[in-house]
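See below for the structure under consideration.
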């Protein structure tokens, strides 16, 4: 576990009053460690003894991700809340339970987040990592306040927000019909940004 993740886990223990900040931290952590899909995807069908290798691998990946996600969540909540978790089977069920317990949706905040998402445009020369993480924060804010935006839509908004220098990246994704999730998109954008920077230094 990286030091940055440990710092995030330690920085914001859920006490009820800080639910919004806590949820942003948890979503960020799960995204960094590629476990965020566990909160958005339903559990695949159980792999029976006759299931093929692909089906078993998908199921096993989801189960392992669910176990890890629950560990991250439990590390940031009180013992009292941990006991509530015992009767809930998945990380998503527990996050939904906490949302019902502490979440207080705000229409005003939701509209602000959606406006930001629709109008956000990355400026040439700025960090693509910072830009994408800023958008992810707003996705989380919108979600916490009542707007459900699936990952495919979130990826679409990020792609739309990229500047002209990323035109080839977008065209390549479109032509090859590449379907990114948020984690792989962030990684690939940073690789492409490095390529652009190296190309510029050689010119």
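With both labels modelled 7 Å from their Cα along Cα-to-Cβ, the residue 18 to residue 75 distance reads 1.6 nm.
What number do you get for the stretch 107-202 when its Cα radius of gyration is normalised by 2.2 N^0.38 Å, N = residues? After normalising by residue count via 2.2 N^0.38 Å, the value is 1.12.
Over the chain, what is the mean sequence separation of C-alpha contacts under 8 Å (at least six apart), divided by residue count, expressed as relative contact order in percent? Here the relative contact order equals 20 percent.
Taking semi-axes √(5λ) of the Cα gyration tensor in Å as calculated from this structure, the corresponding entry among (1) 38, 26, 14; (2) 38, 18, 17; (3) 31, 23, 16 is (3). Subtracting the Cα-Cα distance of residue 126 and residue 63 from 0.36 nm times their residue separation leaves 18.9 nm of extension gain.
Sorting 177, 64 from the fewest to the most surrounding beta carbons within 10 angstrom yields 177, 64.
Shown is the FRET efficiency for residue 32 and residue 108, computed with R0 = 30 Å from the Cβ-Cβ distance and rounded to the nearest 0.05: 0.55.
Distance between the modelled labels on residue 118 and residue 51, one decimal in nanometres: 4.1 nm (7 Å Cα→Cβ projection). Estimated purely from DSSP H runs of n ≥ 4, each contributing -39500 (n - 2.57), the mean residue ellipticity at 222 nm for the chain is -21500 deg cm²/dmol once divided by its residues.
Laboratory data are not the source of any read-out in this text; all were calculated from the coordinates shown. In this text the structure is predicted, and so the values were computed from the model without any measurement. Positions of Cβ are backbone-derived with ideal geometry, glycine not excepted, and every protein chain shown enters the neighbour counts.
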